[in-house]
Amino acid sequence: MIVPKAIADHHQAAANKGGKPFVLIARLHSLPGKEDQVIKLSRSADEAVESTEPGMLLHTFDQDPNDSLGFVWTEVYANSAALIFHLQNPPLQQYLADVSPLLDSFTVELYGEVSPEAVELLVATGTPTTHYKTKLGYVRELNRF
């Protein structure tokens, strides 16, 4: 199938501006004996994000099956503006302040096309961040189903 250049250019421009959904993985490792507190704080953060962030499409907190001190946040954002809102959301800022002393590591991985502004804001938090830029693939528009 041949796609008209104008359509292809429009979709590429939207991706470069961070207008498409993307994935963020945050890996946390609790200090020994602090995992229950980490879970409790994370539950509160999850509830706050659900009620205040419509741009967060998926938000799960999972425990590493091989390390009871390891946890992973999996987050799907509607677009880069949703990540910017998340990073500036007071409940998230409070969560990070409260949970950080209970951790011995915290890293973030971004997968997909994220605006430079959103990446810079995330990096400015001081959290070790790796951005895996998309080389190929697509995002299906769910409103078509």
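Throughout, read-outs are computed from the coordinates displayed, never taken from laboratory work. Remember, predicted model here, so these are calculated numbers, not experimental data. Cβ coordinates were reconstructed from backbone atoms using ideal geometry, including for glycine residues, and neighbour counts include every protein chain displayed.
Values for this structure:
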read-out	value
Neighbour-count ranking [beta-carbon atoms within 10 angstrom, fewest first] of THR129, THR107	THR107, THR129
Helix-derived mean residue ellipticity, 222 nm - over the chain, DSSP H n ≥ 4, -39500 (n - 2.57), to 500	-12000 deg cm²/dmol
Charge sum, other residues only, whose C-beta stays under 13 Å from GLY55's C-beta, Lys/Arg counted +1 and Asp/Glu -1	-2
Magnitude of the charge dipole, the range 21-136, Cβ model with Lys/Arg +1 and Asp/Glu -1, debye to 20	180
Cα long-axis angle, helix 5-16 against the chain (0 to 90 degrees, to the nearest 10)	20
Residues PHE71, PHE22, PHE106, sorted so that the one with the fewest Cβ neighbours within 10 Å comes first	PHE106, PHE71, PHE22
Using distinct alpha-carbon pairs, which all enter the 1/r mean, Kirkwood radius of the chain in Å	16.4
Cβ-based charge dipole, the chain, positive-most Cα from PRO65, VAL119, HIS29	VAL119
Summed residue charge, Cβ within 15 Å of SER30's Cβ, Lys/Arg positive, Asp/Glu negative	-3
